[in-house]
Amino acid sequence: SLSSIVLLYNTLHKVEAYQPDVIGISVYIWNAEYVKEWIVRIREVLPNCRIVLGGPEVTYENDGWFDLPIDAILQGEGEITFWQYVQNKEDVDGLKTREYTSSVPYAKVPISYLESLESPYFLEMDKKDMDRRYLYVETSRGCPYHCGYCMASLDNKLRFFDIEEIKRQILSLINKGGRVFKF
C-alpha cells in the first residue's frame, strides 16, 4: 500500500541521517515483510553499516534471512548479546552469521540482570502522553502455552520478574499519569 511505502522511506531517511555503524532490528510476524524490504533499501544507502536481526521470527527459523544483505542474527534474548555484538566481542551467545554459529543457540538474560536496568517506561519522550497510551509491563519471560503457530512457545521455560518490583513500577507509572496497563 501507499502508506507502507511512505513509512518505509520516511524510516529509511531518518536512519540514514544518523549514519549508524550498526542497525539492530527486531523481527516479528507483523513486521517481517516490511523488514525484508527495508533491509534491501537500507543496504543501498548505508553499504558499510552492519545489520543484525533479532526477535522471534529469526530466532528459530532463520536460514532464509541470510539471502538478504544482513550481517548477523542474534537468536534469543538480546539485552546483553546485542551490545556484545556491537562491541565485536567473541563467543556471543545466540550469534549466527553466514560463517559462524554460536555453541549456545539461544541467548537467555537472567531476570536479575533485567531488573537491575533502568526502567524503559520513564523516557522523557514518553512522559508527556503516558495517560493516553497502553503501557506494556513485562512480568515474565517465556510462554506456558504450546500454540502451533507461535515460535515463542518452543522454549518451554517460564521465568517471572520479582512481584514487589513490578508493583513499584506500576505505582510509579500511576503517579506519572499511567492509566491503562497490559501485562
Net charge, D21 excluded, C-beta distance under 12 Å - Lys, Arg +1, Asp, Glu -1: 0
Relative contact order for the chain, counting Cα pairs under 8 Å that sit 6 or more residues apart, in percent: 14
Proximal charge balance of R133 [Cβ under 14 Å; K/R count +1, D/E count -1]: +3
Structure-based [θ]222 nm, the chain - -39500 (n - 2.57) summed over DSSP H runs of at least 4, per residue, nearest 500: -10000 deg cm²/dmol
Region 1-111 - percent of accessible surface contributed by carbon and sulfur, probe 1.4 Å: 54
GNM result for the chain, Cα springs below 10 Å: residue of G24, G78, G64 fluctuating most strongly: G64
Calculated FRET value between Y60 and E37, using beta carbons and R₀ = 30 Å, to 0.05: 0.85
Cβ-derived FRET efficiency at R0 35 Å, V45 paired with F183, nearest 0.05: 0.35
Relative contact order [Cα under 8 Å, 6+ residues apart], region 98-183, whole percent: 37
For region 121-130, Karplus couplings with θ = phi - 60° (6.51, -1.76, 1.60), whole Hz, Gly/Pro x: 7, 10, 5, 3, 5, 9, 5, 5, 10, 4
Stretch gain in nm, segment E90-D129, where the contour uses 0.36 nm per residue and the Cα spacing is subtracted: 9.9 nm
Separation in nanometres of the label points that stand 7 Å from Cα toward Cβ, at L8 and I29: 2.3
Potential lengthening between S140 and L68 on full extension [0.36 nm per residue; Cα-Cα distance subtracted]: 22.7 nm
Most to least accessible of R98, R141 (protein chains only, probe 1.4 Å): R98, R141
The chain - share of DSSP beta bridges that are antiparallel (%, nearest 5): 30
Exceeding the 32 Å Cα-Cα cut-off - candidates K14/K167; K128/K167; K96/K176; K127/K157; K96/K128: K14/K167; K96/K176; K127/K157; K96/K128
Sequence-distant residues sharing a close amide H with F181 (under 5 Å, placed H): L135
The chain, accessible area per residue, ligands and nucleic acids excluded (1.4 Å, Å²): 64
Measure of compaction for the chain (Cα Rg per 2.2 N^0.38 Å): 1.13
Environment charge of R168, counting only residues whose C-beta is closer than 15 Å and scoring Lys/Arg +1, Asp/Glu -1: -4
Rounded accessible area of I29 (nearest 10 Å², 1.4 Å probe): 130
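The values are calculated or read from the model by the stated rules, or taken from the named source; none is laboratory data. All values reported here derive from a predicted model rather than from experimental measurement. Note that each Cβ is placed from the backbone with ideal geometry, even for glycine, and that neighbours are counted across all protein chains shown. Just so you know, the surface numbers come from the protein's heavy atoms only, side chains and all, with ligands and any DNA or RNA stripped out. Shrake-Rupley method; radii C 1.70, N 1.55, O 1.52, S 1.80 Å.
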